[in-house]
Number of protein chains: 2
Amino acid sequence: MSTIKIGLLGFGTVGTGVVRNFQRNAVTIEKRLGHKIELAKIVDRDATADRGVTLEPGVVTTDVEEVISNPEIDIVIELFGGYEPAKSFILKAIANGKHIVTANKALMAVHGQEIIAAANQQGVSVMFEAAVAGGIPIISAIKENLCSNEFSSILGILNGTCNFILTKMTEDGSDFAPVLDEAQKLGYAEADPTFDVEGVDTAHKIALLSALCFGTTVDFDQVYTEGISKITSMDINFAEQMGYKIKLLAIGKNYGDQIEVRVHPTMIPNSYQLAEVNGVFNAVRLTGDFVGPTLLYGSGAGMDATASAVMGDVMAITRDKISGAQSRVPIMGYCADQIKALPIKAMSEIISHYYLRFTTVDQPGVLAKIAGSLGKYNISIQSMIQPESRNVDTVPIVLMTHAAKEADISSALAEIETLNIISQPTCLIRVEPDL
Amino acid sequence: MSTIKIGLLGFGTVGTGVVRNFQRNAVTIEKRLGHKIELAKIVDRDATADRGVTLEPGVVTTDVEEVISNPEIDIVIELFGGYEPAKSFILKAIANGKHIVTANKALMAVHGQEIIAAANQQGVSVMFEAAVAGGIPIISAIKENLCSNEFSSILGILNGTCNFILTKMTEDGSDFAPVLDEAQKLGYAEADPTFDVEGVDTAHKIALLSALCFGTTVDFDQVYTEGISKITSMDINFAEQMGYKIKLLAIGKNYGDQIEVRVHPTMIPNSYQLAEVNGVFNAVRLTGDFVGPTLLYGSGAGMDATASAVMGDVMAITRDKISGAQSRVPIMGYCADQIKALPIKAMSEIISHYYLRFTTVDQPGVLAKIAGSLGKYNISIQSMIQPESRNVDTVPIVLMTHAAKEADISSALAEIETLNIISQPTCLIRVEPDL
C-alpha cells in the first residue's frame with residue numbers, strides 16, 4: 001500500500017501543532033505504524049501568515065478543493081471550527097470517500113448525526129478525540145478499552161478558560177471580571193469569551209461524551225447550561241469554609257430509561273480529585289459498572305495537546321487502512337442502528353444537594369422563616385453559616401441542603417422571595433457530594 | 001461471520017469477574033460490537049468450586065486442551081498467572097492460531113519476547129491491558145491514542161497492596177508489620193506478600209510500560225527493585241513535616257540513548273496528584289512531548305476492574321476479526337523490527353534528590369561532620385530537621401538533598417559510616433520533586 005496522504009483544513013494554532021507533531025516525531029510515528037504517512041496539503045485561509053514551520057513548496061494552498069476533492073488524499077483533518085463552512089467541507093470530503101478527523105466540538109454536538117449518517121453510508125471514519133478535553137484520550141477510552149462497561153456517570157472539567165478563572169478567583173480571592181481580564185491578557189480567554197464562560201463549549205463536550213457513554217443521541221438544545229459569570233468571590237469563600245471548591249462541572253448521568261446532561265457551576269468536596277484540577281487543565285471522571293470510578297487528567301487545550309489527539313486519530317485511521325479494517329469501531333461507540341434517543345430529565349426533576357446564599361434583612365427570625373419554607377417543601381438543611389453582621393441593612397445566610405428535588409427548591413425559593421425578608425436575589429449553586 | 005468464541009483459562013477471582021461481565025452486559029456488548037461473542041469454554045482447575053455464576057452445561061471443563069486446541073475457539077483468555085504452565089499453554093494456543101488476552105504481568109515482563117515472537121510469526125494478537133494497573137486503560141492509551149508522542153517519563157503507583165499499606169501507615173501513624181497484618185485480613189495482601197511488598201509486581205508492570213513507551217526491550221533482571229518493608233512510621237512522619245508523601249513509585253525515564261526503569265519507595269510532594277492516590281487505587285502519570293503530563297487513575301486490581309480490562313482486549317480483538325483487520329497494532333506498540341534494546345542506566349548513575357535519616361550519637365559537631373562529608377561529594381543540603389533529643393544515646397538527623405548522583409550519595413554515606421558518629425544504618429529514600 002502506498003503512503004497514506006493527509007490533507008489539513010486550517011493552519012491556526014492547532015494546525016501548526018499538527019504540522020510540528022508530523023515533522024518532529026516522523027521517525028517514531030513510522031516505527032509505530034510500520035508505514036509512511038504524509039501531510040500532503042494544508043489549506044491556510046491566510047496565505048500570507050508565517051506559521052513558523054518549513055514545508056515543501058506546493059503543500060500550502062488557499063483552495064479547499066485541493067484537499068476535499070483531491071483523489072490522492074485519504075484523510076482530511078478539519079480544524080476550521082464553527083458550523084459553516086466546516087460542515088459543508090466535511091460532507092463533501094465524506095462524499096469523496098475521505099476519512100475525517102476533526103476537533104470541532106460545536107459541529108459534532110449540533111450536526112454530528114448528519115455527518116455520521118453520511119460517513120456510515122460511505123463507509124468512512126469520523127474521529128474527534130480532539131473535540132473533548134484536548135489531549136486526554138477520553139473518547140477512545142469510552143469507545144474502546146472500557147467498552148464492556150455500562151457507564152452510570154461522567155463528570156468533567158472540560159473548559160480550561162473557566163477552570164483557569166475559577167482557580168485564580170479561589171487562589172487570589174478576586175472577583176470574576178478582573179480575572180477574566182487577566183485570562184484574556186494571558187491568551188486563556190477569547191476576546192469574546194461568551195462560549196467559554198457561559199458554559200456552551202462545555203455543554204458541547206458533555207453532549208458528545210454522554211452520547212458516547214450511554215448509547216443515545218443528545219439533543220443539544222435540551223442540555224441545561226449555566227456559566228460561571230455570576231460566581232462571586234464571596235461564594236468561593238463560603239465554599240472553602242464548608243470544605244468545597246466551585247468548578248464548572250459537566251455532568252452526564254444514566255438512569256437506564258432517561259439521562260441527565262447538564263453544565264453548571266458545582267461545589268465538589270475538597271477531598272475529591274476533581275476539586276484539585278486547577279488552572280487550564282481538564283479532567284474527566286467516568287464510572288463504569290465493572291471498571292469503577294476512573295479519572296483521566298491532562299491538558300485540555302493548547303497547540304500541542306490538541307495536536308496529540310488529532311494525530312492519535314490520524315494514526316488510528318491509518319492503522320485501519322493498512323490492516324484492511326473496514327468500519328472497525330462505530331463512530332459513536334455503538335452500532336448506528338442500536339442508538340436510541342433517551343430523554344433528558346428536566347432540570348425540575350433532578351435530585352441534587354444545594355448551596356443557597358440568601359441576602360436577608362438583618363432582623364431576628366429570618367432564619368426560622370427560611371427554614372420553615374424549606375421544610376414545607378421537604379428540604380432539610382445539612383449545614384449553615386451566618387456570618388456576624390457587618391452591614392446594618394443586610395446579612396448573608398448560607399445553607400447547604402441534603403438531597404432535594406430541584407422543583408422543590410424552586411418552589412421554596414419562590415415562597416421565600418415573597419416573605420419580605422430577602423433583599424437581593426438568592427444565589428443557588430448545586431453540590432455534587434456523592435462522587 | 002459466525003459468533004466469536006472465547007475460551008477462558010482460570011476461574012478464580014478475575015475469571016469470575018470476566019464471566020459476570022460477559023453475562024451482565026451481553027446486550028450492551030453486542031450493541032457496541034454489532035456481533036455476538038460467546039464464552040464457550042472455561043477451564044476451572046478446581047471443578048468442585050462454586051463460582052457463584054450460572055453457566056450452560058458443558059462450558060466448564062478441567063481440560064485445558066478443550067480451549068487451547070479447540071478449533072472453534074478464536075480468543076484465549078489466560079488467567080492462570082505465573083510462568084508455567086501458563087507460558088506453555090499460551091504458546092500452544094498461539095501455535096493453534098488463537099489470539100491471546102492475558103492479565104499475566106510476570107509472564108509478559110519476563111518471557112514476553114518469546115511469546116510475542118511466536119504471535120508475530122502466527123499473525124495473532126497478544127493483548128495484556130489487565131496486566132498493568134487493573135482497569136485503567138494505560139496500555140491502550142500508550143499504544144493507540146497517544147502514539148504520536150515521544151514519551152519522556154512514566155511514573156506509576158501500580159500495586160494496590162503497597163499503596164493500601166502506605167496509606168494506612170500515613171493515616172494511622174502505624175508501622176509496617178501491623179498494617180500488613182490488617183491488609184492480609186482484609187484480603188488486600190496475599191498470605192505470602194513478598195511479590196507485592198518487595199516491589200516485584202510493580203517492577204513487572206513498569207518493565208512492560210517502559211518497553212511500550214520507549215520502544216525498547218527491558219531486561220527485567222536489570223530493573224532496580226526495592227520494596228516498602230523497611231519504611232517506618234518515623235520516616236512517614238518526617239516526610240509529612242517536609243510536605244511529602246511516601247509512595248512505592250514505579251519510574252521509567254527516557255534519555256534517548258538510555259533509559260531508567262526502577263521501583264522504590266519515593267517521596268513526592270503533597271501538591272502533586274500522585275501523592276493523593278490512596279488506598280488500593282492505582283495511577284499512572286505519562287509525559288509525552290505533545291500531550292504533556294497526563295494522569296490516569298482508577299482501580300488497580302479486583303475482580304471487576306480487571307475483568308473490564310480483559311473484556312476491553314477481547315472486544316478489540318473481536319473488532320479486528322469482524323472488520324477484517326490483520327495485525328492492526330503491534331503487540332508492543334512499535335513494529336517488532338523497530339524495537340531496540342536501550343541500556344538501563346545503572347543505579348549509581350541516576351540523579352535524584354534524597355531524604356537521608358541518620359541515627360547519630362548525641363554529641364555536638366555531628367551535623368558538621370555529616371555535612372562535611374556530603375559537601376566533599378558535591379551533595380548540597382536543601383533542608384534539615386533535627387528533633388530535640390529524647391534519648392540520651394542517639395538522635396535522628398534528617399536531611400533533604402538537592403539533586404545528586406547516586407554514586408556520590410553512596411560514597412558519602414560510606415564515608416560517614418566510618419566517622420564513629422552513626423549508631424544505626426542510615427535510611428535513604430529517593431525524592432521525585434520535578435513532576
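The values are calculated or read from the model by the stated rules, or taken from the named source; none is laboratory data. Just so it is clear, the model here is predicted, and its values are computed rather than measured. Cβ coordinates were reconstructed from backbone atoms using ideal geometry, including for glycine residues, and neighbour counts include every protein chain displayed. Each accessible area value is taken on the protein alone, full model and side chains, heavy atoms only, with ligands, DNA and RNA left out. Shrake-Rupley method; radii C 1.70, N 1.55, O 1.52, S 1.80 Å.
Quickly run through the stretch A:395-420 and pick out the residues that are touching a residue at least 24 places away in the same chain (Cβ under 8 Å), out of contact with any helix residue (DSSP H, G or I) (no Cβ under 9 Å at 6 or more places or on another chain) and not in a loop (DSSP other than H, G, I, E, B). Residue satisfying the conditions is A:Met400 alone. Set side by side, the residues B:Arg45, B:Arg20, B:Arg24 differ, and just one is within 14 Å of another protein chain (Cβ to nearest Cβ), free of Cβ contacts under 8 Å to residues at least 60 places away in the same chain, surrounded by fewer than 22 Cβ atoms within 10 Å (Cβ to Cβ) and among the basic types (Lys, Arg), which is B:Arg24. Just one of the numbered conditions (1) within 8 Å of chain B (Cβ to nearest Cβ); (2) within 22 Å of B:Leu33 (Cβ to Cβ); (3) part of a helix (DSSP H, G or I) is not true of A:Asp304: (2). Of everything in the stretch A:323-345 that is open to solvent by 50 Å² or more (accessible area, probe 1.4 Å) and more than 11 Å from chain B (Cβ to nearest Cβ), the residue that is nearest to B:Val291 (Cα to Cα) is A:Ala341. Here the condition is being in the same structural domain as B:Ile77 (by TED's automatic domain parsing) and at negative phi; of B:Met127, B:Met169, it holds for B:Met127 alone. Does any residue of the stretch B:128-149 turn out to be under 13 Å from the mean Cα position of the chain (by Cα) and charged (D, E, K, R)? There is at least one residue in the stretch B:128-149 that is under 13 Å from the mean Cα position of the chain (by Cα) and charged (D, E, K, R).
Taking (1) more than 19 Å from B:Leu342 (Cβ to Cβ); (2) part of a loop (DSSP other than H, G, I, E, B); (3) over 13 Å from the mean Cα position of the chain (by Cα) in turn, B:Asp257 satisfies each apart from (1). The number of residues in the stretch B:93-138 that are farther than 20 Å from B:Asp196 by Cβ, open to solvent by 10 Å² or more (accessible area, probe 1.4 Å) and of a type in the set (A, V, I, L, M) comes to 6. The helices (runs of 4 or more DSSP H) found wholly in the stretch A:1-95 and carrying at least 3 residues that are within 26 Å of A:Tyr188 (Cα to Cα) occupy A:13-24.
Residue count for the stretch A:27-42 under the criterion of being within 11 Å of another protein chain (Cβ to nearest Cβ) and open to solvent by 20 Å² or more (accessible area, probe 1.4 Å): the result is 6. The set of residues in the stretch A:279-292 that are touching a helix residue (DSSP H, G or I) at 6+ places or on another chain (Cβ under 9 Å) and either assigned to a strand (DSSP E or B) or facing chain B (nearest Cβ under 10 Å) (or both) comprises A:Phe281, A:Asn282, A:Ala283, A:Val284, A:Arg285, A:Leu286, A:Gly288, A:Asp289, A:Phe290, A:Val291, A:Gly292. Look at the stretch B:244-275 and say how many of its residues are small (Gly, Ala, Ser) and in contact with a strand residue (DSSP E or B) (Cβ under 6 Å, 6 or more places away or on another chain). Qualifying residue count, the stretch B:244-275: 3. Apart from one condition, A:Phe89 fits all of (1) over 21 Å from A:Ala316 (Cα atoms); (2) within 14 Å of chain B (Cβ to nearest Cβ); the exception is (2). Among the residues of the stretch A:57-71, is any of a type outside the set (Ser, Thr, Tyr), without any contact (Cβ under 8 Å) to a residue 60 or more places away in the chain and within 28 Å of B:Gln338 (Cβ to Cβ)? The answer is yes; a qualifying residue exists. Where residues in the stretch A:221-230 are assigned to a loop (DSSP other than H, G, I, E, B) and more than 24 Å from A:Lys143 (Cα to Cα), which of them is most open to solvent (accessible area, probe 1.4 Å)? Among those residues, the one meeting the criterion is A:Lys230.
Selection within the stretch A:307-322: residues that are open to solvent by 10 Å² or more (accessible area, probe 1.4 Å) and either of a type outside the set (Lys, Arg) or facing chain B (nearest Cβ under 7 Å) (or both). The member of this set that is farthest from A:Thr216 (Cα to Cα) is A:Ile322. Put simply, of B:Asn270, B:Asn282 the only residue that is open to solvent by 20 Å² or more (accessible area, probe 1.4 Å), assigned by TED's automatic domain parsing to the domain that holds B:Asp219, among the polar types (S, T, N, Q) and touching a residue at least 12 places away in the same chain (Cβ under 8 Å) is B:Asn270.
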